[in-house]
Amino acid sequence: MAQDPASVESDARPTVLVIGMGDTGVLTAGHLSRHCRVIGVTTKPVLVSGQELGLRLTEHAQWRRNYLIPLAHYRRLSRVEVIHGRAVRIDPLAQTASLELASGEQRSLIWDYLVIASGVSNGFWRDDRLDTYGVIDSRLASQRAAVTSANSIAVVGGGPSGTSAAFNLKRAHPDKSVTLFFPGEDPLPGYPQSTRRYHRELLARQGVALHGGHRAVVPDGLATSDWTGGRLEFEGGQTSSQADLIIWAAGRLKPHTDFLPTEMLNAAGFVRTDACLNVEGYARIFAIGDVAATDPLRCSARNWAYKVLCRNLLAKIKQRPLPARFTPPPHRWGSIVGPQPTGLRLHTSKGKSHALPRWLMEWLLYPLVVRRFIYGGVRSKERASLVRDSGSVDDQGR
Ligand SMILES: Cc1cc2nc3c(=O)[nH]c(=O)nc-3n(C[C@H](O)[C@H](O)[C@H](O)COP(=O)(O)OP(=O)(O)OC[C@H]3O[C@@H](n4cnc5c(N)ncnc54)[C@H](O)[C@@H]3O)c2cc1C
């Protein structure tokens, strides 16, 4: 396997390899590309955001506009070499990465700096499969079809994803029975108490049947990414429950770190990351997002952590002290049930909430704040070659 610094013409700038082009990889690669040569390795030729699960299952067209975007449409990524493939091994001493490409070939890259942004597997909506756009699209269609044909839906797990799924499913399909099972008294552990109480009442008002104190047993051999119906049993011995469709949102996260040396990982398999977002013991390696063990909530996908990482990595290149620190908030925050016909409610880490009217969300928040300011501009319909290297996959996955 030949080692290849990059396939683009020679460039004196340091090469930064970003592994994983999900929510944080896209932001980090785009920002660094103004200063360095950046290569992004991605299992998917589109950003398939893990955000807004409820919207994804119910208002699919609206979800796609903001959360399923071909990488070639991000203006800032036009300076990034995007490779459709998966990192299978990195060697921190030799500063190389071995890749398995979507074309089936192998490739080895040399990097000067590495950013690990490979995320976690979570339920059915986040994974590290090497997929084309076509496969992603047909999977989304079959999930929507399963929702449509089910009369009863059980959602297992009271985190933001389970809460959002249960609320939105019941709002969109008032005739279906929607049940939410979660272990505690209120959903949303990690959020301020007032946010938890607010959502318990919201779910109940919407008609979701709430079953607190119910920890479901994951049947042997079942992957929580499976889409099936069946009977749920509970660890506490409560009466079992039958549903046409069971959505597992039980937080059984699996970090995507198989390609990393075990010395880089904590006992749970997440990347040991300090407040500078530097991987502990590896001066040239940084980590961000759900895979990075920065704090108990692992919340560096949010809270502007990509800016901290970019400042520190650029300082490292200039051999200066790292200037920025990631300070996680004590509680989770954000929108839980996502955009609604009336607007968007944002919950702060202190337990307060603010409602944004729908017009503000549609005219200001998504187009200007998110797309233009945070992501640096997203082209709408342009087709662009995604994988310059293999030349075989464009933004429609052909
Ligand atoms: C602007 C913004 C707003 C947010 N708002 C909210 C909110 O309101 N509420 C909320 O709950 N959360 C919010 N989040 C957080 C979000 O829910 C998740 O935390 C986020 O999706 C995790 O991003 P990630 O990049 O770590 O992982 P992912 O987005 O999952 O990306 C990881 C990618 O790496 C790929 N990958 C895995 N292994 C490999 C490999 N070996 N080689 C190559 N690629 C690989 C995966 O397939 C995936 O495509 C927000 C995040 C952002 C950026």
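The values are calculated or read from the model by the stated rules, or taken from the named source; none is laboratory data. Computed from a prediction, not measured in an experiment: that's the story for all the values here. Methodologically, a virtual Cβ is constructed for each residue, glycine included, from the backbone with ideal geometry; neighbour enumeration extends over all protein chains shown. Surface accessibility is based on the protein's heavy atoms, side chains included, excluding ligands, DNA and RNA. Shrake-Rupley method; radii C 1.70, N 1.55, O 1.52, S 1.80 Å.
Provide the net charge surrounding residue 60, with neighbours chosen by a C-beta distance below 12 Å and charges set as Lys +1, Arg +1, Asp -1, Glu -1.
With Lys, Arg at +1 and Asp, Glu at -1, the net is +1.
Based on the Cβ-Cβ distance from residue 130 to residue 215, what FRET efficiency comes out when R0 is 22 Å, to the nearest 0.05?
0.10
If you take every DSSP beta bridge whose two residues both sit in the chain, what share of them, in percent to the nearest 5, is antiparallel?
Counting DSSP beta bridges with both partners in the chain, the antiparallel share is about 50 percent.
I'd like the FRET efficiency for residue 112 and residue 75, computed as 1/(1 + (r/R0)^6) with the beta carbon distance as r and R0 of 22 Å, rounded to 0.05.
Efficiency, from the Cβ-Cβ distance: 0.35.
May I ask what percent, to the nearest 5, of DSSP beta bridges between residues of the stretch 145-248 are antiparallel?
Here the share of antiparallel DSSP bridges comes out near 30 percent.
Using a 1.4 Å probe and counting only protein heavy atoms, arrange 81, 105 so the residue with the most accessible area comes first.
Most to least solvent-accessible, the answer reads 105, 81.
Report, in whole Å, the centroid distance computed from the Cα atoms of the stretch 146-211 and the stretch 221-262.
Here the answer is 16 Å between Cα centres.
Measuring from label point to label point, each 7 Å out along Cα→Cβ, what is the residue 64 to residue 373 span in nm?
2.8 nm
Once R0 is set to 22 Å, what does the formula 1/(1 + (r/R0)^6) return for the Cβ-Cβ distance between residue 149 and residue 242, expressed as a FRET efficiency to the nearest 0.05?
0.90
Per residue, how much accessible surface does the chain expose to a 1.4 Å probe? Answer in Å², no decimals.
Here the per-residue accessible area is 44 Å².
Let me check something: with ligands and nucleic acids excluded, how do 161, 149 order by accessible area (1.4 Å probe), largest to smallest?
I get 149, 161, largest accessible area first.
Ignoring ligands, DNA and RNA, please state the percent of accessible area on the chain from carbon and sulfur, probe 1.4 Å.
Heavy-atom surface of the chain belonging to carbon and sulfur, 1.4 Å probe: 51 percent.
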